[in-house]
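Contents: one structure, followed by commentary.
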Amino acid sequence: MNLETGSGAARIAAAFNTEKPAFIPFMTAGYPAPEHTVDLALALQEEGAAILELGVPYSDPLADGPTIQNASAQALAHGVTMERALELARDMRTAGVHIPIILFTYINPVLRFGPERLYKAMEAAEVDGILIPDLPFEEAGEINALAKKYGRPLISLVAPTSAQRVKMIAEQAQGFVYCVSSLGVTGVRSELREDITDFLEAVRRYARVPVAVGFGISGPDQVAALAPHCDGVIVGSALLNTIRQAEVLLSQAETKQEGLTVVKKFVKLLQSGV
Amino acid sequence: MNTETAYKSKGRFGAHGGRYVPETIVNALDELEKAYQEAIGDPAFLEELQYLLREYSGRPTPLYYAERLTEKLGGARIYLKREDLNHTGAHKINNALAQGLLAKRMGKTEIIAETGAGQHGVASATVAARLGLSCKVYMGEEDMRRQQLNVFRMQLLGAEVVPVKSGTGTLKDATSEAIRAWVSSVDRTFYVIGSVVGPYPYPQMVRDFQRVIGDETREQIMRMEERLPDYVVACVGGGSNAMGMFYPFLDDVDVKLIGVEAAGQGVDTDKHAATIAKGSRGVLHGMMTYLLQDENGQIIEPYSVSAGLDYPGVGPEHAYLHDSGRAAYHAVTDDEALEALRLLCTTEGIIPALESAHAIAEVVKLAPTVSADTILVVCLSGRGDKDVTQIYEREGGAQ
């Protein structure tokens, strides 16, 4: 299909151009199985997802908690590689997914695939950006240069522990700034840090791009509390938990729609916070 | 990654090293680097460390002339650097004591550690008890099974051993889990890494805390032989005993440095841990180094009879020493290591750790090929008590 013209950076910027904070779901490519990935992406788009984060599974995901680790392990068992994840992204485009797609992966699979080869493949698959949680600012030179060359941002993360680094990272961020809402790895948390809003406002002061928040967000109350202080909310593990619960329904042709409805209901509930 | 790229990168050894970690812990690494540099310039810190190494751990460890082994093999005069005589039975205590003191200095109350064979876990648990810190040790379930006695030792010492179920339940998975745990509690915990691996400044710091092995060896061999050795041999998993042993000799180009990796069932099988021999460059546990990985960049599980060598990466400085040719890296199989273990038992009355038996196996191959005036020093990194049950099972019990 024909996407609107413009680079990944412009398409990401446009996705934030809304009244409400952008809803940014994370899903693992090939989880629960590769044949569900496109259907799930379409369902998320239908429920108002502004940007899709597509996890490319890795054997040793240091920034991820058990939910995403397990999803990655299952996807790996289905043979989902970087190449296969890019094919799935391309399939999404063919099937009508028009929101920006951002890869979420780790530096080792990127290096192994070849950074420039990956950027070419991202361009071919109409993938708009990439997020690499184990590539801090100081190590990101080569990928950042490619991100600029291809107009497909390397999304920067900042954490509550980033201290004086927030200014340096936020000022140079492309696409959007990904604020890690809490210490720790990805995963559902019942409560957010008390100082989270101060942190988000500090990032907003320096960032020239939208500010999104993720890690640990699982319910509409949290979304509602964060909404006034950010431009986007990222939900991963809680969504994967829902997908896992729907796995049996998704895997049968006659109950597939029912499975997708379970996922859509959860997304609707989350967004009821704003 | 292209090292020519114009960006600031910390702690590189040639193309290797660096700091590939979640943003959440970057600040903690900066703080650690600062605290470490202050500490090693502080006479009070060094004095306390030296006191503990001497009076608590039993340093200096002997450099022992292995007369019967020398006679048996013919060729090089063989010296054993007896790190096995340290408190807790291995070189691991040198680093654990130093990092424990650093943790206290930084005001941390809890230490976390990962362990494969259990020696670093035992050392960390010991240090935590001695310094009044709480301690959690992450250990793969498979390693817990292989090293039950060490698990119990850690528990006796008051540490909590956290079983790691992910992956194949070995050192790689324990390390990943320890890093994840550190990310979650970085404001109050100190992560005691057990080898010259991980993000900067760990590889440099652990090397500096282990160089006492090489410094002592240098002084001892000069006293005993009035010259430097021709060969220095040490086993390499992550590579901390080897790095500590090699480092003070790096500028002595006539001293040949040999690291010994675990070839498991053979480097041409898929059951080995020979990272330098068979690996390729990549990023794991925060560092760029040689790794066992597949064509998609997924980490391959290593294999060795020795849980301590069963790691798919290697310290980045070793990767650099390999690239530069300053050190040579060889690999010996499980069978060769076990044969060497028996030989050391029966010639010298010393049961080496399975890790150290790999270094001995290299000596078995090398010593007979060189002249009788050749001096060879091998790091006996640990004692074999922890491995006796496993050897018993493997060898089919009492004969």
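Taken together, the values in this text are just the output of simple stated rules run on the coordinates, not laboratory data. Note that this is a predicted model, so its numbers are computed, not measured. Cβ sites come from the backbone with ideal geometry, for glycine too, and all protein chains shown count toward neighbours.
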Next item on the list: Against the globular-protein guess of 2.2 N^0.38 Å, express the Cα radius of gyration of the stretch B:188-293 as a ratio, rounded to two decimals.
Entry: 1.21
Next item on the list: Give me B:Y79, B:Y247, B:Y56 ranked fewest to most by other Cβ atoms within 10 Å of their Cβ, as a rough exposure proxy.
Entry: B:Y56, B:Y247, B:Y79
Checklist line | Histogram of C-alpha separations across the stretch B:325-399, 10 Å bin width, % | finding: 18, 50, 24, 7, 0
Note to self: Under a Cβ-only charge scheme (Lys and Arg +1, Asp and Glu -1), can you give me the dipole magnitude of the stretch A:37-169 about the Cα centre, in debye to the nearest 20?
What the structure shows: 380
Next item on the list: Could you list B:H330, B:H16 in order of exposure, starting from the residue whose Cβ has the fewest other Cβ atoms within 10 Å?
Entry: B:H330, B:H16
Check: Within the P(r) computed for the stretch B:39-107, what percentage of the Cα pairs occupies the region above 17 Å?
Finding: 53
Next item on the list: Percent of Cα-Cα pairs per 5 Å bin, from 0 to the last occupied bin, for the stretch B:1-130, please list those.
Entry: 2, 9, 14, 14, 16, 14, 12, 9, 6, 4, 1, 0
Notebook entry, point to check: Kirkwood hydrodynamic radius (Cα pairs, Å) of the stretch A:131-197?
Noted result: 13.0
Notebook entry, point to check: Suppose every K and R has +1 on its Cβ and every D and E has -1 on its Cβ; what is the size of the dipole of the protein assembly as shown about the Cα centre, in Debye to the nearest 20?
Noted result: 740
Next item on the list: Would you work out the charge dipole size for the stretch B:71-193 about its Cα centre, treating the Cβ of every Lys and Arg as +1 and the Cβ of every Asp and Glu as -1, and quote it to the nearest 20 debye?
Entry: 340
Notebook entry, point to check: Per the helix-only calculation at 222 nm, which mean residue ellipticity applies to chain B, given -39500 (n - 2.57) for every DSSP H run of n ≥ 4 and division by its residues, nearest 500 deg cm²/dmol?
Noted result: -12500 deg cm²/dmol
Note to self: Sort B:H91, A:H229 by Cβ crowding within 10 Å, fewest neighbours at the top.
What the structure shows: A:H229, B:H91
Item checked: Separation in nanometres of the label points that stand 7 Å from Cα toward Cβ, at B:E160 and B:D385 -> 2.7
Check: So what is log10(I(q)/I(0)) for the protein assembly as shown at q = 0.05, 0.12 1/Å, when the Debye sum runs over its Cα atoms only?
Finding: -0.25, -1.20
Checklist line | nm² value of the averaged projected area, convex hull over the Cα atoms of the stretch A:58-202 | finding: 9.4
Checklist line | Karplus (6.51, -1.76, 1.60) ³J(HN,Hα), θ = phi - 60°, over the stretch A:164-174, in Hz, Gly and Pro reported as x | finding: 6, 6, 3, 4, 4, 6, 5, 4, 9, 5, 10
Note to self: Checking a compactness column here: for chain B, what do you get for Rg(Cα) / (2.2 N^0.38 Å), N being the number of residues?
What the structure shows: 0.91
Item checked: Cut-off 10 Å between beta-carbons: net charge of the residues surrounding A:F104, Lys and Arg +1, Asp and Glu -1 -> -2
Next item on the list: List the residues whose amide H sits under 5 Å from the amide H of A:T28, counting only those 5 or more places along or on another chain, with H placed 1.01 Å from N in the peptide plane.
Entry: A:G55
Note to self: Could you compute the net charge surrounding B:D252? Neighbours are other residues with a C-beta less than 15 Å from the C-beta of B:D252; K and R count +1, D and E count -1.
What the structure shows: -2
Note to self: Rounded to whole Å, give me the distance from the Cα center of the stretch A:164-212 to that of the stretch A:96-148.
What the structure shows: 20
Check: If amide H atoms are built 1.01 Å from N in the plane of the peptide, which residues on other chains or at least 5 residues away come under 5 Å of the amide H of A:V177?
Finding: A:V211, A:A212
Next item on the list: Tabulate in residue order the Karplus-calculated ³J(HN,Hα) for the stretch B:19-24, using 6.51 cos²θ - 1.76 cosθ + 1.60 with θ = phi - 60°, rounded to whole Hz; enter x for Gly and Pro.
Entry: 8, 10, 9, x, 3, 3
